[in-house]
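What follows is a single structure, written as structure tokens, with notes after it.
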Amino acid sequence: MRAYLSVFRMRLKMELQYRGAMLGGIICQMFFGIVLVALYNALYESKAQVMPIEQVSTYVWLQQAFFRMMVATDQDLYDKVKTGNISYDLCRPVNMYWFYYTRIAAQKLMGSLMRGIPMLIVAFLLPKGWGLTLPHSIPGLLSGLAALFFGLLCMCALENITMAFSMRTLDPRGMASLLSLLMVTFSGNLLPLTLFPDSWQKVITLTPYAQLLDAPIRLYSGEYPVSDLPVILLRQAVWAVILILLGIWFWKKNQKKMIIQGG
Amino acid sequence: MSYIEVENLRKTFTVRKKREAGKLFREKEIVEALKGISFTVDKGELVGYIGPNGAGKSTTVKILSGILTPESGRAEVGGRVPWKDRKEYVRHIGVVFGQRSQLWWDVPIIDSFSLLKDIYRIPEKDYLNRLQELTDALQLKSFMRKPLRLLSLGQKMRAELCGSLLHSPELLFLDEPTIGLDAVSKLALRDFLKWENKEHGTTIMLTTHDMEDISALCSRVMVLGHGQKLFDGKLPELLERFDTVRTVVVKYNTENPKLVLPAGVVKDKKDDEIHITYSPVDIPTADMLAILQNAGTISEMTLQSENIDHLIAAMYKEMDL
């Protein structure tokens, strides 16, 4: 257990070193946030939708703030596969899956908090309909946070599956871009899931991608009542377990078939 | 029972060839990296493992360090099978891959060490003692708080060694540890390895292309080629087999020395030096020297055997590697 906590701490520390990248990330995500909100404002000007504009802009800002949590990849890990430095990790007395899982979790958590908190403060100061609104209620906020934690578990599991894929293909980019297409579409990053047709939503909200950020955001904004929390958490937990088991299986298979090329 | 026992170890890789014109699918080719290797190593031995690139040296190390699983064969290290129960096994071994890095790129190396402490569950007291010992032996103090990216190659290798030995492994694998190091670092590294071997009785298995590493460190050498073991014994024995030519360079005080040389000996005059090339198998060196002394008064003489790298090259050639 100590090894996993230790690598978690170490990765947090490492993330803190990249303050330049953090600033760049904030600016980039702020830009996307403002463009998206402007777009929805223009859309609402001509024809208002069922969902109030304040809720849409809140949704967009929360998505942008935690974007890093969803799509951040640990380039170091992929480089390990590419250069063969992974050999060293393979001869450590740790479970490889969980060793990398905790590392990924640390990066996603620290990376997104460092970017997300300043962004949300700025977004909160923007005028109504353009910025972030307060949570629907205190229980709403708390259950949103709980759901975000479970969402994080799913995100790390997804990332670790991509990692396992990269051990086969050596280059994660193909797989990663395919997965991130699914991700931005079905997680609500591209278009809030609440704006999809109702019949679509029934299916989309069941996918693992909807568990990542969509569910926590809807709890925050009160679109999902707090009483739904157990069902939501259960759905997230089921996905987390499935994705983790899939990842473990994949890793095990890789370890049996592995080749370390070149010397 | 020996500490390391390897019997008939085989490993094959499947390599996909480039698609040939006119064919729909790529053909697969099976490369036999190890074709049934057997050897034993006793505790506390310092063994050199040599062979040309692609001979299967690293593959052996990777199997014995629990990273790769062999196709067939048996291997036991201290009664444990490396690829079974990997987690328990690797606790007792240390590995240094000369071309790779285990330390974190942009955090101080001391932090990488403390992560290793947690990974190997080293008790705090043991860790501090061992760290102190290694810091002194490897002279790490001046750059302990620097991140890896700022270190020179020599410093990096010393830090890597420290990382691999923190948990006091019984067995240390070194895969080309002196690659790219300057003379001073190489000497320091060899001294350190000797010290570690003597002080803690650590069994060391070393692969290298640097014959100086072998002659300075290893009491025993194994030669590997095409996935097979070709030689196993002491380095002088190995050299003797290929060290077939000697050269003596003599200078005489006497004008026109009367040299009567047996058949098969080559004489070559360069200025006032005479180069004589002979084979110690045909004429014992003692006899050769007697002949030279009888010819006149010698002012200077040097006896040269062939450069060790040339010998190894000749050996690889003869063994068709």
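Laboratory data are not the source of any read-out in this text; all were calculated from the coordinates shown. From a predicted model like this one, the values you see are computed outputs, not experimental measurements. Heads up, the Cβs are rebuilt from the backbone with ideal geometry, glycines too, and the neighbour counts pull from every protein chain shown.
Summary table below
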item: Cα-based equivalent ellipsoid, the protein assembly as shown: semi-axes from gyration tensor eigenvalues, Å; result: 65, 24, 23
item: Residue among A:Gly25, A:Gly33, A:Gly84 with the largest mean-square fluctuation in a Gaussian network model of chain A, springs linking Cα atoms under 10 Å; result: A:Gly84
item: Segment A:2-256 shape via C-alpha gyration tensor axes, a/c threshold 1.5; result: prolate
item: For A:Arg68, A:Arg9, A:Arg173, order by how many other beta-carbon atoms lie within 10 Å, fewest first; result: A:Arg173, A:Arg9, A:Arg68
item: Neighbour-count order for B:Ile179, B:Ile204, A:Ile217, fewest beta carbons within 10 angstrom listed first; result: B:Ile179, B:Ile204, A:Ile217
item: For segment A:4-63, size of Cβ-based charge dipole, Lys and Arg +1, Asp and Glu -1, in debye; result: 380 debye
item: Candidates B:Pro169, B:Pro262, B:Pro52: whichever shows maximal mean-square fluctuation once chain B is modelled as a Gaussian network with Cα springs under 10 Å; result: B:Pro262
item: Mean ellipticity per residue at 222 nm, deg cm²/dmol - from DSSP H runs of n ≥ 4 across chain B, formula -39500 (n - 2.57); result: -10000 deg cm²/dmol
item: Label-point separation, A:Val35 to A:Lys202 (7 Å along Cα→Cβ), nm; result: 3.5 nm
item: For segment B:292-299, 3J(HN,Hα) per residue [Karplus equation, 6.51 cos²θ - 1.76 cosθ + 1.60, θ = phi - 60°, Hz, x = Gly/Pro]; result: 5, 5, 5, 7, x, 8, 8, 9
item: J(HN,Hα) series, segment A:197-209, from Karplus relation 6.51 cos²θ - 1.76 cosθ + 1.60, nearest Hz, glycine and proline x; result: x, 3, 5, 5, 4, 3, 7, 4, 5, 8, 5, x, 5
item: Calculated [θ] (222 nm, deg cm²/dmol) that DSSP helices of n ≥ 4 give over chain A, each run adding -39,500 (n - 2.57); result: -25000 deg cm²/dmol
item: Mean separation of Cα contacts under 8 Å (6+ apart) over length of segment A:1-109, as relative contact order %; result: 50 percent
item: Prolate/oblate/rounded call for segment A:1-63, Cα gyration tensor, a/c under 1.5 rounded; result: oblate
item: Chain B: relative contact order as a whole-number percent, Cα under 8 Å and 6+ apart; result: 19 percent
item: FRET efficiency estimate (nearest 0.05) - Cβ-Cβ, B:Glu124 to B:Lys43, R0 30 angstrom; result: 0.60
item: Relative exposure of B:Val47, B:Val245, B:Val31, A:Val37, judged by other C-beta atoms within 10 Å (fewest first); result: B:Val31, B:Val245, B:Val47, A:Val37
item: Rounded if a/c under 1.5, otherwise prolate or oblate - segment B:227-290, Cα gyration tensor axes; result: prolate
item: Theoretical FRET efficiency, 1/(1+(r/R0)^6), r = Cβ-Cβ of B:Lys258 and B:Arg74, R0 60 Å, to 0.05; result: 0.40
item: Cβ charges +1 (Lys, Arg) and -1 (Asp, Glu), total dipole of chain B, debye; result: 1500 debye
item: Candidates A:Gln201, A:Gln17, A:Gln29, ranked by Gaussian network fluctuation over chain A, Cα under 10 Å, top entry; result: A:Gln17
item: B:Ala313-B:Arg149 pseudo-label distance in nm [points 7 Å out on the Cα-to-Cβ vector]; result: 4.0 nm
item: Percentage relative contact order, segment A:2-256, counting C-alpha pairs under 8 Å, at least six apart; result: 26 percent
item: Cα-only Debye scattering, chain B: base-10 log of I(q)/I(0) at q = 0.12, 0.16 Å⁻¹; result: -0.91, -1.27
